[in-house]
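The values are calculated or read from the model by the stated rules, or taken from the named source; none is laboratory data. This one's a predicted model, so the numbers in the text were calculated from it and none came from an experiment. Here the Cβ positions follow ideal geometry from the backbone for every residue, glycine too, while neighbour counts run over all protein chains shown. In case anyone asks, the SASA skips ligands and DNA or RNA and just uses the protein heavy atoms, side chains included. Shrake-Rupley method; radii C 1.70, N 1.55, O 1.52, S 1.80 Å.
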Amino acid sequence: MLVVQNVTHDAEKAKDKKAALGTDVVIENFTTEDINAFDVIDDLKDIDKKTQKTILKVGVDANSEERAGSFVQMDQSNIFSHSISDSIELMNLGVALDKHSWLKDYLWKAVKPDVDKYTAQCALQESENDAYSGYFVRSLPGTKEIFPVQACMFIADQDVMQTAHNIVIAEENSELHLITGCATGDDISSALHVGVSEIYIKPGAKVTFTMVHNWAEQVEVRPRTAIYQEKNSTYINNYILTSPVSTIQSFPTAYCNGENSRAIFQSIQGGKKDSIIDVGSRVLLNAKGAKGEVISRAVAQDESQIYARGHLAGTVPEVKGHLECHGLVLSDDSFIYAVPELEASSANLEMSHEAAVGKISEEEINYLTSRGIKEEDAESMIVRGFLNMDITGLPDELAEQTQMMIDM
């Protein structure tokens, strides 16, 4: 069991760190055009071996084994989209809009284009070029696909702003598992990723959405995600970040609008070098019997800054929510700012939270070293134990890969 000690900072240092909440990105410094031409490929194995190894680290398997379908976007180009399951539809969003006239009714409904300048830029990119990047995934009514769909967002060129507009629809009583792996080439020192994801879960449906980020150190990342849930639906979101990044801001919101709907957010964040990580989750419990959970583990080292947010809002009676945020600070120059929020605007509901931020207990270190374990190994054991969260819904392969990233 981890024993944490309270960490205090002088007021001026805390004030400087909080200023990072306003971290901004100058969009004009990046281009939305493909610097190189990326051709459509017939097989994921046609991707060069080096890139295959990189995307495997984020759960995207070029062999496509035990996958229901695969989608790859490189910079702004959709280079591969293929489904092997009769239970799902998978294609580029633009292709899907041409195929399904009804799909336009879902476009920019969960996420509005005027949320901020990043969503506005994504919408502007679509309207000016009459072209859509990103994927469309739909599980058909009554189907339960056991293998996950995998999608990869890869940045291959310098100074690129990659935009992606993704729409996921789980039809009534269906089940869908989606793995999104995001990564960059080794030689990328500057890039921006803007991803807008709108997820619609119909009555009785279940979606497990796992996102693994492995960006380069100087990449700016701005995902914007919203989930609309209907009666008896379930949404499970797993987020994993273990590599350095310049800045990332993400605050996905689940709207539990149907009775007995449930949303679970689980995240593991590893802050390294001078990364600024501003990641949280929000669940709005808007219907009787709705339940929400937000659980996060954050480890900050070097000069990294982590802002761990969680927001549960109960708007009607007979809803339940729990928020849990634990952080571990490994160096004096790193920083964790936990922001748990509970909001109740109705009587007869149940919500709770727990948050703890601290350093590794000297007592634990002493206990392990007294039994012949080196101090460095003892610290690693404690950190691994702290991050050993039973993430729900991961396939065995990705669960093993996740544990390997944590061990590293």
>> Taking the Cα centre as origin and putting +1 on Lys and Arg beta-carbons and -1 on Asp and Glu beta-carbons, what dipole magnitude results for the chain, to the nearest 20 debye?
In response: 1160 debye
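Relative contact order of region 78-189, please, whole-number percent, based on alpha carbon pairs below 8 angstrom and at least 6 residues apart. Present the calculation step by step, with values, prior to reporting the outcome.
Values: 163 pairs, mean separation 32.9, N = 112.
Relative contact order for region 78-189 comes out at 29 percent.
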> For region 220-379, what size does the Cα cloud have along each of its three principal axes, sorted from largest down, in whole Å?
Replying inline: 54, 36, 23
> Sequence-distant or interchain residues sharing an amide H contact under 5 Å with residue 349, placed H: which?
Replying inline: 318
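Let me check against my output: what whole-number percent is the relative contact order of region 276-356, with C-alpha pairs under 8 Å and at least 6 apart? Show your work: numbers first, answer last.
Details: 224 pairs, mean separation 27.0, N = 81.
Rounded, it is 33 percent for region 276-356.
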>> Computing the accessible area with a 1.4 Å probe over protein heavy atoms, can you report the carbon and sulfur percentage for region 159-204?
In response: 33 percent
> What are the residues whose amide H is under 5 Å from the amide H of residue 356, where those residues sit 5 or more places off or on another chain and H is modelled from the backbone?
Replying inline: 325, 326, 327
> Taking amide H positions as placed 1.01 Å from N in the peptide plane, with prolines and chain starts having none, which residues 5 or more places from residue 134, or on another chain, fall under 5 Å of its amide H?
Replying inline: 93, 165
> Which distance in Å, rounded to a whole number, links the C-alpha centroids of region 80-135 and region 189-222?
Replying inline: 14 Å
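Across region 33-119, how many lysine pairs, 8 or more apart or on two chains, come within less than 21 Å at their alpha-carbon atoms?
Working: 45/53; 45/57; 49/57; 99/109; 104/112; 109/117.
The number of close lysine pairs in region 33-119 is 6.
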>> Cα atoms only: what Rg and Dmax, in Å, come out for region 163-207?
In response: 14.8, 45
> How large is ³J(HN,Hα) for each residue in region 314-326, as worked out from phi by the Karplus curve 6.51 cos²θ - 1.76 cosθ + 1.60 (θ = phi - 60°), to whole Hz, x for Gly and Pro?
Replying inline: x, 10, 9, x, 6, 10, 9, x, 9, 10, 9, 9, 10
> What are the ³J(HN,Hα) values, in whole Hz, obtained from phi via the Karplus relation 6.51 cos²θ - 1.76 cosθ + 1.60 with θ = phi - 60°, for each residue of region 264-274 in sequence order, with x given for Gly and Pro?
Replying inline: 10, 10, 10, 9, 10, 10, x, x, 10, 6, 10
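For region 166-313, what is the per residue volume of the convex hull drawn over the alpha-carbon atoms, in cubic angstrom?
Numbers: hull volume 11.8 nm³, N = 148.
Once divided by residue count, the hull of region 166-313 is 80 Å³.
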> Of 373, 79, 360, which has the largest mean-square fluctuation in a 10 Å C-alpha GNM of the chain?
Replying inline: 373
> Once region 131-172 is represented by equal point scatterers at the alpha-carbon sites, with solvent omitted, what log10 I(q)/I(0) does the Debye formula produce at q = 0.34 Å⁻¹?
Replying inline: -1.25
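With respect to the cross-link table entries 291/359; 231/288; 231/291, which display a Cα-Cα separation exceeding 20 Å?
Details: 291/359 32 Å; 231/288 10 Å; 231/291 12 Å.
Cα-Cα > 20 Å for 291/359; rest within.
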> Can you list, bin by bin at 10 Å, the percent of alpha carbon pairs in region 43-102, starting at 0?
Replying inline: 20, 50, 25, 5, 0
> With each label point set 7 Å from Cα along the Cα-Cβ vector, what nm distance links residue 120 and residue 48?
Replying inline: 3.8 nm
>> Please compute the contact order of region 187-296 in relative form: average sequence separation of alpha-carbon pairs under 8 Å and at least six residues apart, divided by the residue count, as a percent.
In response: 25 percent
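Would you mind telling me the share, in percent, of accessible area of region 51-103 contributed by carbon and sulfur at probe 1.4 angstrom?
Ligands and nucleic acids excluded, carbon and sulfur give 46 percent.
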> Sorted by mean Cβ packing within 10 Å, highest first, what order do the peptides 178-186, 56-64 take?
Replying inline: 178-186, 56-64
> If you take every DSSP beta bridge whose two residues both sit in the chain, what share of them, in percent to the nearest 5, is antiparallel?
Replying inline: 10 percent
